[in-house]
1. Kindly indicate whether any position in region 254-267 is under 20 Å from M135 (Cβ atoms), away from ligand 1 (no atom under 11 Å from the Cβ) and small (G, A, S).
2. Under the condition of being among the small types (G, A, S) and under 23 Å from Q99 (Cα atoms), which residue from region 213-240 is surrounded by the fewest Cβ atoms within 10 Å (Cβ to Cβ)?
3. On the basis of being crowded, with 21+ Cβ neighbours inside 10 Å, under 18 Å from D399 (Cβ atoms) and touching a residue at least 60 places away in the same chain (Cβ under 8 Å), does L367 make the cut?
4. Would a scan of region 123-138 turn up a residue that is under 20 Å from L318 (Cα atoms), within 17 Å of the chain's Cα centre (by Cα) and assigned by TED's automatic domain parsing to the domain that holds P90?
5. Out of the residues in region 300-336 meeting the condition of being over 29 Å from D23 (Cβ atoms) and under 20 Å from the mean Cα position of the chain (by Cα), tell me which one is farthest from ligand 2 (Cβ to nearest atom).
6. Can you list the strands (runs of 3 or more DSSP E) found entirely within region 98-174 that contain at least 1 residues being under 30 Å from I415 (Cβ atoms)?
7. Among the residues of region 195-212, are any more than 15 Å from Q166 (Cβ to Cβ), of a type in the set (A, V, I, L, M, F, W, C) and at pLDDT 95 or above?
8. Suppose we filter region 305-334 for residues that are in a helix (DSSP H, G or I) and farther than 21 Å from A52 by Cα; how many remain?
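The values are calculated or read from the model by the stated rules, or taken from the named source; none is laboratory data. All values reported here derive from a predicted model rather than from experimental measurement. So basically every Cβ, Gly included, is an ideal-geometry build from the backbone, and we count neighbours across all protein chains shown.
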Amino acid sequence: MRTWRAPLVTALPGSGIGPRLYDTRSGRVSPVRPITPGIIRLYTCGITPYDATHMGHAMTYHAADLMHRVFLDAGWQVQAAQNITDVDDPLFERAERDQQDWRELASRQIDLFARDMQALRIIPPQTYDAVSEAMDRIIATAQDLHARGRLYCLPNDDVDGVDWYQDLGIDQAQSSVSGWSREQMLEVYAERGGDPDRPGKRDPLDPLVWKAQRPGEPAWDAGVLGTGRPGWHIECVCIAHHGLGLPFDVQAGGRDLIFPHHDLSAAHAAALGRPLAHFYAHVGMVALDGTKMSKSLGNLEFVSRLVDQGTDPAAIRLVLLAHHYRTDWEWTAAALDKATERLARYRHAAQHHARSAAVVAALRDALRDDLDTPRALRLLDAWACGGESENLGLDVPVDPDVDDVPAAVDALLGIALH
Ligand code: 5CA
Ligand code: ZN
């Protein structure tokens with residue numbers, strides 16, 4: 001799939017220091033060390049294109065963008081990959097409800113998402129594959145799981161065909177990311193796309209890998225597995241494998257993906273004889289009116305709506321930056337007003353006292369420290385008031401030659417001040 005236009009990211013001179021990030025699997029903040037020195041491979045779980053791009057999506061892709069930017073600041077080459085879940089139940093249900101072709105719905109939403117990502121100055125991935133584009137590889141992977149004896153089938157009474165599930169009991173890798181107990185997993189599995197109650201399953205948690213064609217739905221021929229379409233988790237394993245190789249360094253996504261999606265993607269990979277990712281980075285949930293912003297609930301604020309009304313996308317980024325990426329928070333119009341004022345103050349400061357090596361060093365240090373953006377904004381607030389030399393809490397070496405604050409804000413935070 002064509003991505004959006006990349007923002008210009010001009011690296012700051014020297015740094016060479018990698019960030020520390022919170023890894024969900026280990027439960028610790030620890031240094032990110034690329035598997036291949038100097039090259040970091042980042043996979044971000046992409047959208048299901050039926051209602052793009054609400055502030056929850058924006059927060060998740062913005063956090064992944066900050067990771068991308070601190071990796072670049074470390075002097076690493078970043079290989080990034082992302083999927084588009086254009087073959088899935090919620091998309092088909094929406095297409096059916098609105099009496100439109102699922103391909104048209106997906107295509108319109110993918111375009112809108114690209115426009116929003118470009119407006120927010122998110123660095124695009126090099127590999128950007130929709131499930132419908134990656135289908136040959138997904139089928140080959142599902143067949144590989146079958147050949148390895150990891151799948152069993154259940155007859156589907158509604159259609160003439162069978163659905164295929166992975167037998168998790170064989171590899172015992174079902175909670176390698178979350179570390180959750182069975183009880184915790186079973187509590188949320190049904191509401192997060194699983195079907196724990198289907199009769200005949202060997203384990204209620206077993207994930208669907210290939211589903212027989214339903215009337216009115218698109219389908220692909222998968223040989224021994226029959227004609228149908230893939231389950232959810234296998235797409236990210238295949239798209240990551242193709243774009244990055246396995247294992248890759250970091251898998252990123254919203255916290256709602258820890259279980260089942262990231263656990264069961266890792267379980268598919270384990271059955272294929274490979275680890276999936278070394279490091280798991282998860283973003284907190286954005287809410288509106290007290291409830292998680294979600295397409296199915298409809299309590300949404302959209303990037304495109306605000307931008308069409310004349311909001312500067314940099315102000316939206318500043319709202320996102322005001323919250324640490326791992327916290328849950330609530331979108332409010334008042335926060336956008338505050339961010340708009342903040343942007344004006346920063347742009348004013350950029351005209352009058354752009355240079356401070358101490359601010360640049362402290363900004364880099366804050367971002368490397370598990371993307372501490374609230375601290376980064378406190379620093380910039382002090383800088384914008386002209387108080388840059390006091391109380392920065394610096395215990396990092398300052399390079400006197402690297403003192404262009406707007407350039408650092410642009411490279412690290414994706415906000416143009418000039
Ligand atoms: N296509 C799958 C991932 S393979 C999917 O979850 N699509 S999505 O459109 O529902 O979400 C896209 C990304 O936004 C995911 O990483 C998801 O975790 C994240 N996300 C969704 N809702 C929120 C929210 N309210 N707050 C923060 N992130 C969210
Ligand atoms: Zn995914």
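1. no
2. Checked region 213-240; the qualifying residue surrounded by the fewest Cβ atoms within 10 Å (Cβ to Cβ) is G216.
3. Spelling it out, L367 is indeed crowded, with 21+ Cβ neighbours inside 10 Å, under 18 Å from D399 (Cβ atoms) and touching a residue at least 60 places away in the same chain (Cβ under 8 Å).
4. Scanning region 123-138, I find at least one residue that is under 20 Å from L318 (Cα atoms), within 17 Å of the chain's Cα centre (by Cα) and assigned by TED's automatic domain parsing to the domain that holds P90, so the answer is yes.
5. Looking at the filtered set, the residue picked out is A314.
6. Correct list: 127-130.
7. Among the residues of region 195-212, at least one is more than 15 Å from Q166 (Cβ to Cβ), of a type in the set (A, V, I, L, M, F, W, C) and at pLDDT 95 or above, which makes the answer yes.
8. Number satisfying all stated conditions: 1.
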